[in-house]
1. What is the calculated FRET efficiency for B:Leu91 to A:Arg341, with r their C-beta to C-beta distance and R₀ = 56 Å, to the nearest 0.05?
2. Please check which bits of region A:87-110 a label hung off B:Arg264 would reach, taking the label as a point 7 Å along Cα-to-C-beta and the cut-off as backbone N under 18 Å.
3. What whole-number distance in Å separates the alpha-carbon centres of region A:243-311 and region A:32-48?
4. Compare the peptides A:283-291, B:182-190 by average per-residue count of other Cβ atoms within 10 angstrom and give them in order, highest first.
5. Could you state how much accessible area is buried at the B-A interface, both sides summed, with a 1.4 Å probe, in Å² to the nearest 100?
6. Mind checking the mean number of beta-carbon atoms from other chains within 10 Å of the Cβ atoms in A:34-43?
7. Roughly speaking, what is the stretch gain from B:Trp182 to B:Tyr112, that is 0.36 nm per residue apart minus the C-alpha to C-alpha distance, in nm to one decimal?
8. How high is the FRET efficiency between A:Asp350 and A:Thr179 when r is their beta carbon distance and R₀ equals 30 Å, given to the nearest 0.05?
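The values are calculated or read from the model by the stated rules, or taken from the named source; none is laboratory data. Being a predicted model, the structure only gives us computed values, none of them experimental. Because the Cβ atoms are built from the backbone with ideal geometry, glycine has one as well, and the counts that use them run over all protein chains shown. Surface accessibility is based on the protein's heavy atoms, side chains included, excluding ligands, DNA and RNA. Shrake-Rupley method; radii C 1.70, N 1.55, O 1.52, S 1.80 Å.
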Amino acid sequence: MSEDVQLDKVCMDFGSFRAVDNVDVTIQAGEFFSFLGPSGCGKTTILRMVSGFIDPTEGAVRIGGRDMRGTRPNQRPTALIFQNLALFPLMPVWENIAFGLEVRGVDRATRRQRAEELLRLVALHNAADKTVGQLSGGQKQRVAIARALAVEPKVMLLDEPLSALDLKLRQHMRSELRTIQKRTNVTFIYITHDQGEALAMSDRVGIMSHGVLQQVGTPQKIYNHPANGFVASFVGENNVFPGRVIASDRGAGRIETAFGTFHARLGPAISQGMMAKLYVRPEHTILGADPGGEANALPVEVSEVAFEGNFVNVHARGEVGGAYMAQVRNEPSMALPDVGRRLHLSFGRDAGVVLADEAAPRH
Amino acid sequence: MILVTLPYFLMFEFSLHPYLTVDKIGGPEDAYTLKNYVTLFNNTIHFGVFLRTILASAFVTLLCLVLCYPMAFFLAKIVAPKNAATLFLLLLIPFWVNEILRSFAWFIILSYQGPLNAALVGIGLIERPIRWLTGPNGVIVGLVYTYLLFMLLPIYNSIQSLDSNQIEAAEDLGSPLWRTHWRVVMPHAKPGIASGCVMVFMLSAGSIIVPSLLGSPGTRWFTEIIQQWFFEGQDWNQGSAYAFLLLIMCTGFVMLMMRLLRVRLADIAK
């Protein structure tokens, strides 16, 4: 069983600082939803409002349709996984997991049994009697998940729980979390500053900056159709050309920049005459000896070649100025371009998108 | 090291000798004996005082704990760190005043025609003044006040080192406040609680100024008997024996309590 979470025009002020500004989004029951943003963007504040440690200054948090204002964390159908996990080091693993049941007056034998069931769910057999200190980072992670699941929450809140793990384990835990979420069908609200995590795990992602929700959408939508410049540059890499829109026709147009005039798609609310920026993904560019048949091209000189394994990042300086990056898929037969070589960076008229800067706070 | 331990050895040596007149010291009667130690157990009045001292000290310790744990938690986790410094200063300043003055202050406050009675009568809470300083009341109030900080500081230190997320995690899992304290905060603070209790108990049982100022005629403190042996009876041998008995028995009592409450010595040293 799970419930939806409605953030209804939620604002949170700390003194004169507005940490969360008019966030309005409904997270569906059973959904894996991530709030993605840089540190200090207000995403942790959102989590604390949903879990009940703070109440919003304005607006309402509703879980399953019920306004949660005034309801303490211990009365809410949520369970929070802390960034540092906050396991109880003086209790053995099984008592950690069963703590929520102990609180609810469940007898000891049932608690023990339930803890062992949950340990199997998170693939941690034979750890019941260990102390927390004996576990590795990934194991602690699983205990924290099991402890939160034990209280059968309708909504699970996760505050960057993977940030302390090393890369390999992090990637493994991503799919594990996803699996557990699908199996239990609990609504997951996940907070992270790691775009890879958010895109890989979530049904939908909400991008936050300066307390404002910039865009909500599926990972694919966010990456391919960013709503504004902040979303485009926070999620993935870009070549950025600031300039002025000089032509606009049904979502397509031209932008005049210091490095040339380019054809591109126009983002939402972009019209002729506006100052805006053109964003082109490195993997949507082509590096060639001649300009080629694409709509846009500019001469560049290769400044650095970074071989990443499955792809190659080619950094280049524009002959008129500017620094660019092209991303090329690795092929066994490919010859890497030499540093100092003069090439043309070209991209199609649909490859780039002109976007306004981020949505600013209302005041 | 020698300067610290030598007097103890001398006293221990005294305690094993019988009390003799000057001309007999070094004579045939001056042999090692445990007679001085046995005296306490044959003297029902002294032994009664001894037991009451231990019990009253234990009660003082308990009272300090009950007062200090919420205060320590408040200072460590609830109040803003900026204000905590001010509050600490307010707690510390009274301790710059010496023990005698503070005990006298309580003697005045608690006396029959003192300000406490005047205030209580004044606001109509009681009809006539109460004799506060009967029985062990005065001593207990005085000792609690005197040794409050010895309980507060170790508990404060140990609670402060607790990750606040653990308190929030417990609450998030549905725990009411009392259970969060019982299962998360107090187990973490156990070393602080234990060392606070040991200090307050030992200091209370060994205190002399507070009981002699605030004690009522019927309730003597064991230290007062020791003092009498030394300075009124001039019997240093007997006094030394009593002093050592107090030390041994208090240590024994602390050990027993630690065993019962499952506190290890290493916890206290932390």
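1. With a Förster radius of 56 Å, E is 0.15.
2. Residues A:89-93 fall inside that zone.
3. 31
4. Going by the mean number of other Cβ atoms within 10 Å, highest first, we get B:182-190, A:283-291.
5. On the way: alone 16090 and 16790 Å², together 31000 Å².
Interface between B and A: roughly 1900 Å².
6. 0
7. Taking B:Trp182 through B:Tyr112 to full extension adds about 21.1 nm, to one decimal.
8. Once rounded, the FRET efficiency stands at 0.25.
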